[in-house]
Amino acid sequence: NQMYASWQTKLIVGIFAILGIVALAYLSLSLGRISLFPTDSYTLYANFDNISGLKTGDQVEIAGVQVGKVIAISLKDYRAHVELRLNKGVEVDTEAIASIKTSGIIGDKYVSISLGGGEHDITDDGVIRRTQSAFVLEDAIGQLINSNGSSSSGGGGSGRGSGAPTDDHSNDLK
């Protein structure tokens, strides 16, 4: 009775194990790609009143297409200072609006850039001046409860000053 595998079987198992490790290493490097050579991108900044759950590594999108990533988030003048790395060739004009959106009801946050009609493009290390903070469901529910419970005139609050955009679209959620 021979209980041990032959040297040929050990060799075949060893080759498959090495191939498996190489394949796993390749997949983890290619799927978890962090831009090691950021020569094909440029950096823009945006300041928000409330980023509510936005994290580094989250997507930056224009018209639903991923064009970059959030690289860093810090506090500057009591506002959230967000560093965005965009792909080269993606041009953002001076009238663009950066807003924080949620994918789905409880999904991940991302930065959506709506292009404006600006004549000039923002250059590397430039700032997107027009921003719209994240919609916070808890704040909206709190405002709804407060406006219905405390106001007997029936008008309710206008919702201004709560991070709402300049053009008040708070009734667009139908």
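The values are calculated or read from the model by the stated rules, or taken from the named source; none is laboratory data. Quick caveat: nothing in here was measured; it's all calculated off a predicted structure. Because the Cβ atoms are built from the backbone with ideal geometry, glycine has one as well, and the counts that use them run over all protein chains shown. Side chains included, ligands, DNA and RNA excluded: accessible areas come from the protein's heavy atoms. Shrake-Rupley method; radii C 1.70, N 1.55, O 1.52, S 1.80 Å.
Take the cross-link list LYS55/LYS88; LYS69/LYS109; LYS55/LYS109 and give me the ones stretching past 18 Å between alpha-carbons.
On the way: LYS55/LYS88 22 Å; LYS69/LYS109 12 Å; LYS55/LYS109 8 Å.
Violating the 18 Å limit, Cα to Cα: LYS55/LYS88.
Which of the GluC sites (Glu not before Pro) across the range 45-131 are loop residues per DSSP, with 16 or fewer other Cβ within 10 Å? Kindly include the intermediate steps, with their values, before the conclusion.
Working: sites: GLU61, GLU83, GLU91, GLU95, GLU119; in loops: GLU91, GLU95, GLU119.
Counting only loop positions with at most 16 other Cβ atoms within 10 Å, the GluC sites (Glu not before Pro) in the range 45-131 are GLU91, GLU95, GLU119.
Could you name the aspartates and glutamates in cross-link range of LYS76, using Cα to Cα under 18 Å and dropping any fewer than eight places away on the same chain?
Within reach: ASP49, ASP125.
Carbon and sulfur atoms: what percent of the 1.4 Å accessible area of the range 43-152 do they account for?
Carbon with sulfur: 49 percent of the solvent-accessible area.
Kindly state, to the nearest 0.05, the FRET efficiency for ALA63 paired with GLU119, given R0 = 25 Å and r defined as their beta-carbon distance.
Values: r = 20 Å, r/R0 = 0.81.
About 0.80, to the nearest 0.05.
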